[in-house]
1. Ordering Val84, Val47 by how much accessible area each has at a 1.4 Å probe, largest first, what is the list?
2. Could you tell me the calculated FRET efficiency between Asn223 and Asn65, based on Cβ-Cβ distance and R0 = 45 angstrom, to the nearest 0.05?
3. Along its three principal axes, how long is the stretch 258-341 when you only count alpha carbons? Whole Å, largest extent first please.
4. Order these peptides, 111-121, 148-158, 131-141, by their mean beta-carbon neighbour count within 10 angstrom, highest first.
5. Could you give me D for the chain, from Stokes-Einstein at 10 °C and 1.306 mPa s, where the hydrodynamic radius is the Kirkwood radius over C-alpha pairs? Units µm² s⁻¹, please.
6. Rolling a 1.4 angstrom probe over the protein heavy atoms, how many square angstrom per residue are accessible across the chain?
7. Output wanted: per-residue J couplings in Hz (rounded whole) for the stretch 46-63, from phi through Karplus 6.51 cos²θ - 1.76 cosθ + 1.60, θ = phi - 60°, x for Gly and Pro.
8. How large is ³J(HN,Hα) for each residue in the stretch 119-130, as worked out from phi by the Karplus curve 6.51 cos²θ - 1.76 cosθ + 1.60 (θ = phi - 60°), to whole Hz, x for Gly and Pro?
Amino acid sequence: DPQLNTHYTFDNFIEGECNRLARSAGFAVANKPGGTSFNPLMLYGDVGLGKTHLAQAIGNEIKKNLSDKLVIYVSCEKFCQQFVDSLKNNTINDFVNFYQAMDVIIMDDVHNFAGKEKTQDIFFHIFNHLHQSGKQIILTSDKPPKDLSGLEERLLSRFKWGLSADIQIPDLETRMAILKKKMYSDGIELPENVVEFVATQIDNSVRELEGAMVSLLAQSTLNKKEIDLNLAKSMLKNFVKNTHKEISMEYIQKLVCEYFEVPVEMVKSKVRKREIVQARQISMYLAKNHTKSSLKTIGNFFGGRDHSTVIYACQTVEDLIETDKKFKTYVQDIQKKLKSS
Ligand code: ADP
Ligand code: MG
């Protein structure tokens, strides 16, 4: 299948605490597509943590063992585009028949269905058809089904039928193992202390981890220098600088207010309405964690409050993240927007 990328396999997917359930459920599905209760299998987690890799590995494993199975990998975005095209070209039936003929469908990044009602409707029918005929459905998403917004309830309820398994950021040891495996397959040897240094510094995404290693290799070739700790340190300084732009309190305030649909000036005011207080406290919390501003500066910025108010706000937000799942999703959503800007 041209849609499957054969580089993504179980063999080169390093197992860790962070992905154990997802990986083993994926492996079970790969060996018995449609024949387990993991249908659909939904893999979810933040960007760059291996969802696409694992989903593709399942597809490749199925083709390896059961070569006559029809397996399709498609990103949700591409599916939506194909749907629009087929509407335009009057080929809706072909479109639906194509997908309904599959034994396995792997759809990547289903959060991109948000707001696309017509495409969701079509997918709902394809989903039902495949599921009823015992065909395997594999989905990936940046959130668990219960936290996905902009998706129709009946589709979401289908997504919850099987198993949802999360993929988290690997711990240091696993990050080092991933780096080593990658280098090994590229025929490169890195000193242990360099591997450890890079894996310690980059702790948010496997994709960035790989990106850092690629720059390290490039630097070493360009400058004809050996890869050692010094080179790694100087490279990472630039790398981290490039990927983590300065974030201003102004910008945090704007994002938070947009997110909760509250007027910007309210956050700096004395208003004590619940949603305003919430926006204000989250803004302070994000300012503390994503800017270099002192508590005093933060308090000043958000309406001339003192540093103890900022401490209290941060504590409140941290407590709510622990106890209130919805709240946690809000904060994570905003954080994602902050980082991707
Ligand atoms: P996502 O789809 O979640 O954004 P990807 O599947 O694209 O993430 O993974 C990003 C990169 O990290 C890919 O090159 C992938 O091969 C690699 N990667 C992620 N997790 C692992 C892992 N556990 N073992 C090996 N490589 C991994
Ligand atoms: Mg992906």
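1. Heavy-atom accessible area, descending, gives Val47, Val84.
2. Computed FRET efficiency for Asn223 and Asn65 comes out at 0.45.
3. For the stretch 258-341, the Cα spread along each principal axis is 29, 27, 27 Å.
4. Ranking, from highest mean packing down: 131-141, 111-121, 148-158.
5. 70
6. Per residue, the chain has 53 Å² of solvent-accessible surface.
7. Values, residue by residue: 5, 5, x, 9, x, 5, 5, 4, 5, 4, 5, 4, 4, x, 5, 5, 5, 4 Hz.
8. 5, 4, 4, 4, 5, 4, 5, 4, 4, 4, 4, 5
The values are calculated or read from the model by the stated rules, or taken from the named source; none is laboratory data. Since this is a predicted model, take the numbers as computed values, not measurements. Note that we place each Cβ from the backbone using ideal geometry, even for glycine, and neighbour counts take in every protein chain shown. For the accessible areas, the whole protein counts, side chains as well, though only heavy atoms, and no ligand, DNA or RNA atoms are used. Shrake-Rupley method; radii C 1.70, N 1.55, O 1.52, S 1.80 Å.
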